[in-house]
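Notes follow the structure.
The values are calculated or read from the model by the stated rules, or taken from the named source; none is laboratory data. The shown structure was predicted, so the numbers you read here are calculated from the model rather than taken from an experiment. Backbone-built Cβ (ideal geometry, glycine too); neighbour counts: all protein chains shown.
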Amino acid sequence: MKQNANKDERTLMDAMKPHGQALLDYYGGDTSVEMILERDDGLQVRLPVSVFFRTPDTFFPLEDAAIELCKGRVLDIGAGTGLHALALQERGHTVTALDISPEAVDVMKRCGVMDVRIGDIFRFPPEPFDTLLLLGHGIGMVENLAGLDRFLKRMKAFLEPDGQLLINSMDVTVTDDPQHLMYHQSNIQACRYAGEIRLRILYKDLVGDWYSWLHVDADTLEKHGAEFGWKTDVIAHEVDGNYLARLTVGS
Ligand SMILES: C[S@@+](CC[C@H](N)C(=O)[O-])C[C@H]1O[C@@H](n2cnc3c(N)ncnc32)[C@H](O)[C@@H]1O
């Protein structure tokens with residue numbers, strides 16, 4: 001896709017490059033690899049790449065709940081290594097797994113995901129699905145609240161009647177860590193939503209471009225969804241601010 005990608009897609013693909021390379025290395029047998037997520041206030045978090053290769057027996061409770069709720073034909077958006085797509089295939093679902101990262105797509109194909117597509121959800125041509133799935137905080141790809149609105153407006157064209165959109169995100173304000181609190185406060189002072197994070201990925205000698213990632217709390221998701229005719233039900237909420245929401249479009 002690279003040669004056909006437009007500027008926005010290339011920027012995102014370049015930002016995801018270290019992530020994709022880390023996935024390929026792990027899949028290639030280097031299971032000790034870690035990547036670093038660097039926030040633009042300097043905070044660095046080391047992330048073992050093994051987390052992207054979780055198997056169903058180690059899924060988080062919110063993931064189990066989402067898998068249980070899936071019905072019919074599923075679009076796994078930002079599917080990563082295809083961990084959820086594979087679990088759904090095992091259960092007999094027809095799954096299309098979409099990711100913008102060529103390396104993630106390569107890993108998914110090698111892992112046995114049957115219908116893998118490469119691309120940006122904002123450019124992927126609409127097809128009808130019964131379930132649109134965004135796990136692992138994948139809704140972050142919309143970048144900010146304006147992007148969330150664009151996404152919520154666009155995704156209605158992807159839904160079969162009675163279809164659903166399953167989103168796992170988090171309320172970033174559920175923390176007492178002073179550095180996080182200061183970061184959220186500086187976002188608010190800059191007239192940004194608290195959960196709009198700017199970060200880049202470092203892996204070995206690769207340094208990705210800076211990109212934005214949205215963590216949206218359930219009330220804000222519900223409010224923005226309602227503007228585009230979505231009804232939001234919070235299925236489960238965890239003490240750390242993580243939650244799973246199911247959005248449907250009323251008739
Ligand atoms: C945080 S990872 C989550 C992966 C997987 N869903 C999981 O739970 O492990 C987000 C994924 O979304 C992909 N992605 C980011 N922006 C995207 C976009 N605009 N369209 C499609 N995929 C995107 C990334 O390449 C990455 O694999």
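Quick one: which strands (runs of 3 or more DSSP E) sit completely within the stretch 76-175 and have at least 2 residues that are in contact with an Asp or Glu (Cβ under 7 Å, 6 or more places away or on another chain) and at pLDDT 95 or above? Give the derivation first.
On the way: elements: 95-99, 115-118, 129-134, 159-170.
In the stretch 76-175, 95-99, 129-134, 159-170 are the strands (runs of 3 or more DSSP E) which contain 2 or more residues that are in contact with an Asp or Glu (Cβ under 7 Å, 6 or more places away or on another chain) and at pLDDT 95 or above.
Please work out which one of (1) farther than 25 Å from residue 246 by Cβ; (2) within 12 Å of the ligand (Cβ to nearest atom); (3) among the hydrophobic types (A, V, I, L, M, F, W, C) is the condition residue 59 fails and give its number.
With (1) farther than 25 Å from residue 246 by Cβ; (2) within 12 Å of the ligand (Cβ to nearest atom); (3) among the hydrophobic types (A, V, I, L, M, F, W, C) applied to residue 59, the lone miss is (1).
Which of the residues spanning the stretch 140-187 are among the aliphatic types (A, V, I, L, M), touching a helix residue (DSSP H, G or I) at 6+ places or on another chain (Cβ under 7 Å) and within 20 Å of residue 95 (Cβ to Cβ)?
So the first thing to find is which residues in the stretch 140-187 are among the aliphatic types (A, V, I, L, M), and the list is 141-142, 145-146, 148, 152, 155, 157, 159, 165-167, 170, 172, 174, 181-182.
Now restrict to residues that are touching a helix residue (DSSP H, G or I) at 6+ places or on another chain (Cβ under 7 Å): 142, 145, 148, 152, 165-167, 172.
165, 166, 167 - these are the residues of the stretch 140-187 that are among the aliphatic types (A, V, I, L, M), touching a helix residue (DSSP H, G or I) at 6+ places or on another chain (Cβ under 7 Å) and within 20 Å of residue 95 (Cβ to Cβ).
Hey, can you tell me all the residues within the stretch 94-132 that are among the aromatic types (Phe, Trp, Tyr) and within 10 Å of the ligand (Cβ to nearest atom)? Let's see the steps before the verdict.
Narrowing the stretch 94-132 to residues among the aromatic types (Phe, Trp, Tyr): 122, 124, 129.
Selection gives 122, 124.
If we keep just the residues of the stretch 130-170 that are on the phi > 0 side of the Ramachandran plot and among the charged types (D, E, K, R), which is surrounded by the fewest Cβ atoms within 10 Å (Cβ to Cβ)? Don't jump to the end; show me each part of the working.
So in the stretch 130-170, the residues on the phi > 0 side of the Ramachandran plot come out as 136-137, 143, 162.
Of the ones still in play, those that are also among the charged types (D, E, K, R) are 143, 162.
On the way: 143: 18, 162: 11.
Per the stated criteria, the residue is 162.
Quick one: in the stretch 76-129, of everything that is in contact (Cβ under 8 Å) with a residue 24 or more places away in the chain and of a type in the set (S, T, N, Q), which residue is surrounded by the most Cβ atoms within 10 Å (Cβ to Cβ)?
81
So which of 85, 15, 22 ends up being within 13 Å of the ligand (Cβ to nearest atom), in contact with a strand residue (DSSP E or B) (Cβ under 9 Å, 6 or more places away or on another chain) and over 29 Å from residue 157 (Cβ atoms)?
Numbers: 85 fails: over 29 Å from residue 157 (Cβ atoms); 15 fails: over 29 Å from residue 157 (Cβ atoms).
Of 85, 15, 22, the one residue that is within 13 Å of the ligand (Cβ to nearest atom), in contact with a strand residue (DSSP E or B) (Cβ under 9 Å, 6 or more places away or on another chain) and over 29 Å from residue 157 (Cβ atoms) is 22.
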